[in-house]
Amino acid sequence: MPEVWPLVGRSETLSSIVHLAQTRQCAGVMLVGPPGVGRTRLARATLAAIATTDGPHVSPVWVMASRSTQDIPLGAMSHLLPRMEAAPDGEAALTGHLLHEARRALHPEPGTQLVLAVDDAHVLDTTSAVLLQQLAVSGDAFLVVTAPTGLSVPDPIFALWKEGLIDRLDIHEFDRAQSDQLVARALGGHVDGAALQRLWRYALGNALFLRELVDGARENGTLRQQGAVWRWEGPFEPSSRLVEMVEARMGSLAAPERELLRLLAFGQPLGSEVAAELVSPSVLATLERRGLVESTREGRRVNVHLKHPLYAEILRQQATPLQERQAYHRLAQAMEAHGTRRGEDRSRLLGFRVGQGEEADAHELLAAARDAAAADAGLADQLLRAAADSGGTVEVRLQLACALVAADRFTEAEAVLAEVAARPETASATAAELVASALVRVPNAVWGLHDVVGARDVLRALEHTIPADEAPAGVTWLRAVSSLLEGRPRAALERLEPLIAADAADPEPREVRVAALSVAAFASARAGLLGRAGELVARGLPMIERDGDPSGGWLRFQLLTASWYADLQAGDLDRADELARDGYAEALARGLRTPVAIYATWQGIVAGRRGRVQTAARWLREAAAAVSASRFCFAVPLAAELSMALAASGELAEARTVLATADDVAGGGMLAGWQTAARVWLLGVEGRVSAATEAAIAAVATPDDPGHRLQTLHTVIRLRATGVVADELEVLAADLDGALPATMVAHSRALSARDGATLDEVAARFEALGSLLLAAEVAAQASAVHRADGSTAPARASAARSRAWVQECEDARTPALGLLEASTELTRRELEIASLAATGLTSKAIAEQLVVSVRTVDNVLRAVYAKLGVSGRGELSQVAGLHVAR
């Protein structure tokens, strides 16, 4: 960690102060802000900046006032002053003598400007304050004075500001963006969103608290780097220094004051009437005046809460178990005495009762947990844990499983559901109850645990258990899910058609309708029926908003996934990005680890499709650091897309390692085929275009969805190989909706026909879709075609457009972009052999890899050297722009 943290968010203020010092438009500035906001840091930076700017020689002086010198004349300045002669008797004469001697000692030499910074001017002794006033009035010094908000400064300092001799600048806490920037710069790497969210929630932009939080968490290992990503792992453990800071901020407290702060730490926010049941109004007024407690109006109610979240964290950490139980007891008594007029009051009262050790009805606990989930995650978790310990009927356990799913506790949810399935009474459960259990357990296995094998086992068991004549809709849904998991999305759609038809009667149970819409929407997206997927999502989401999600959240997620996937395949990157960003923000706010990783993955994939390869890698690495690949439903897309981004950034060795993880965790999941395009891409970047083409053709015969297969085939087109790939691509695209498939077909046709003008048009279409890397590659191919045809001006224009788009692609390097540097067109075979030679492979190794003779390789290389005007292998990558594998 740096000794001095970066100065973030203060550059404009710093520049304006330096300008004032240079122009002497005033005699100085007074930096005013709350404790910990960074006044001292800014003052020191200001002193340094003024001293190093061009202009008159500056004599910088730093003074730190303190309470220990507050009653000593010139006590704060004593270290700047020489030993003085004996002073005259009398207070007035003494003060005059001291001021005269101090002025003489501090008077700058000719051509030198005195810049005097005084920290914590509110505890400056009176004589020093008068000295500052005299220096400012005489123009002998430029002052930089700091003081905390809400505290009075000595009269001479106040007079300087009041009379306009110095400017007052209010320094505020960092906003969220500034806080995130400061942490990232201080740690020197990418910090994941959950860690930034937690640091913001604890520090709320207070620079002093933020620094201690980061330093303390690094020291105890809570904040640590996993690969290239900084993550917060584990509970909050305040350092002793942070505890001392908070206690110093709270100051000396009377017993009733400390007791109220502790009660608020466990029970905030409290209505003012409830707080009045606990302490006298005078205690409340005193704490609010001291800035430890804050009151806010919410409708007709006035709520009281601690001024800063760290107060609550520290006070809860310091409380003994007995003090915690006593606090909940008093809170429950006070709320019962005042009454529970709002729904959230009843949830919080129940939380207080649980906290003091009372037992509660499981139904009531679950209902209260659902009510509290959005506003108070801590209370919801407390109620949920109490419900988990309370036992209950099968119905209660199913509700508990749904609540656990919603709380990102998928393994616990599966344990509850497995326990329910093993109960003797489950054998006599109704078909509706069994279907209700399946609506939670199956999607939780697929999406929450990435356990497709387990999901299939559950499906088979339920299909044998549930009588088809008692729950026909439920059995239909189960069979459709089986088809989807087997890689047959169109078969799943056919099964579900009777349930999702607009005029179909409501099935029994009714929850099956939204479950059917959810599966059908995702199946449509996988089958390439992108418009149909959007229609089904538009029908399903309002039903969930109205009636709730019977799976605890997975059906809604599956609908959102269908929408995002369809947008991605259709080329609507803006909508896909919006869904990803909204989901990420929601998951962060609720502290849900796996959803945060999922939506980070989505953002990384969209960034990759835009061609922003470094941004893509950053998002995908954040997601990878947050979860276990074996238990992450988007592990395969994550690894595949990360490997492609790395390869396009020149990190080919790491790309191969990352892609291997996709093979390890594929496991037959619904997204298992995602890595095919990545494998083809890596082969092409390595220069093995023939092998890439063969792999792409083989992928067409797999049961993977057409969107994946289309991307795989288009990857070969990006490598400038057409032939049979182009025919297969057209066949696939014919069954797909959206602008992107049509543009891929146009690209393939134009490249096959070596039509430079049409390639230029295709590049513009990719650019309109936001796929800037594809646009740059196609423009580079157009330039090569124009150049081969002898059309110099169009070749230059296409190359210029390509280079402009590449600027937005964060140093991407791909085989097609290498054409921008080529002076002469190479055939596909020449380019393939030249690329392999540029990696350092011998002619023999190339011949073995491509299954040709060494003589053929040498003959091709001689033709390449002649075309490119080079003397040998060593110049290939520099002259031809060929990619060299790292």
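For the reader, a short list of remarks on this structure follows.
- Efficiency of FRET from Cβ geometry, residue 804 and residue 159, R₀ 45 Å, rounded to 0.05: 0.15
- Between residue 755 and residue 788, the simple label model (points 7 Å from Cα in the Cβ direction) yields a spacing of 1.6 nm.
- Over the chain: helical MRE at 222 nm, DSSP H runs n ≥ 4 each giving -39500 (n - 2.57), nearest 500: -20000 deg cm²/dmol
- Cut-off under 5 Å, modelled amide H: who pairs with residue 226 long-range: 231
- Peptides 261-269, 201-209, 778-786, 671-679 ranked from most to least packed, by the mean per-residue count of other Cβ atoms within 10 Å: 778-786, 671-679, 261-269, 201-209.
- Stretchable slack from residue 237 to residue 219, in nm (0.36 nm times residue separation minus alpha-carbon distance): 5.4 nm
- Per-residue ³J(HN,Hα) for segment 835-846, Karplus 6.51 cos²θ - 1.76 cosθ + 1.60, θ = phi - 60°, Hz, x for Gly and Pro: 5, 5, 5, 5, 7, x, 5, 6, 4, 5, 5, 5
- Among 473-484, 405-416, 228-239, the order from most to least packed when residues are scored by Cβ within 10 Å on average: 473-484, 405-416, 228-239
- Placing dummy labels 7 Å off each Cα toward the beta-carbon, the span from residue 853 to residue 109 is 8.6 nm.
- The chain: angle of helix 792-806 to the longest principal axis, Cα-based, in degrees nearest 10: 50
- The distance separating the Cα centre of segment 800-866 from that of segment 536-557 comes to 51 Å.
- For residue 30, the residues whose modelled amide H falls within less than 5 Å of its own, excluding neighbours fewer than 5 places apart on the same chain, are 145, 167, 168, 169.
- For segment 414-422, Karplus couplings with θ = phi - 60° (6.51, -1.76, 1.60), whole Hz, Gly/Pro x: 5, 4, 5, 5, 5, 5, 5, 5, 8
- With Cα atoms, 0 to 90° folded angle of helix 431-443 axis to the chain main axis: 80
- In this structure the amide hydrogen of residue 190, modeled in the peptide plane, comes within under 5 Å of the amide hydrogens of 230, none closer than 5 places in sequence on its chain.
- Among 308, 107, 338, the ranking by other beta carbons within 10 Å of each residue's beta carbon, starting with the fewest, stands as 107, 338, 308.
- Beta bridge orientation in the chain: antiparallel %, DSSP, nearest 5: 30
- Axis of helix 652-665 versus longest Cα principal axis of the chain: the two differ by about 70°, to the nearest ten degrees.
- Calculated from backbone phi, Karplus (6.51, -1.76, 1.60) coupling profile of segment 117-125 in Hz, x at Gly/Pro: 9, 10, 8, 6, 5, 5, 10, 6, 5
- Global form of segment 728-796, assessed from the alpha-carbon gyration tensor, a/c cut-off 1.5: oblate
- Separation of alpha-carbon centers, segment 227-279 and segment 756-774, rounded to whole Å: 57
- Ranked by the mean number of other Cβ atoms within 10 Å of their residues, highest first, the peptides 270-276, 850-856, 353-359 come out as 270-276, 353-359, 850-856.
- Extension gain from residue 333 to residue 358, taking 0.36 nm per residue of separation minus the Cα-Cα distance: 7.7 nm
- If the chain linking residue 545 and residue 345 were pulled fully straight, counting 0.36 nm for each residue of separation and taking away their Cα-Cα distance, it would gain 69.6 nm.
- Legend: translational diffusion of segment 571-675 by Stokes-Einstein, Rh = Kirkwood radius over C-alpha pairs, 25 °C, 0.890 mPa s; D = 182 µm²/s.
- Virtual paramagnetic centre 7 Å along Cα→Cβ of residue 505, amide N under 16 Å, in segment 462-477: 469-474
- The chain: C-alpha gyration tensor shape, a/c 1.5 cut-off, then a/b vs b/c: oblate
- Distance (nanometres) between label positions extended 7 Å along Cα→Cβ at residue 574 and residue 19: 3.6
Every read-out reported here was derived from the displayed coordinates using simple, explicitly stated rules and does not represent laboratory data. Worth saying up front: this structure is predicted, and the values here are computed from it rather than measured. Ideal geometry is used to build each Cβ from the backbone, glycine not excepted, and the neighbour counts take in all protein chains shown.
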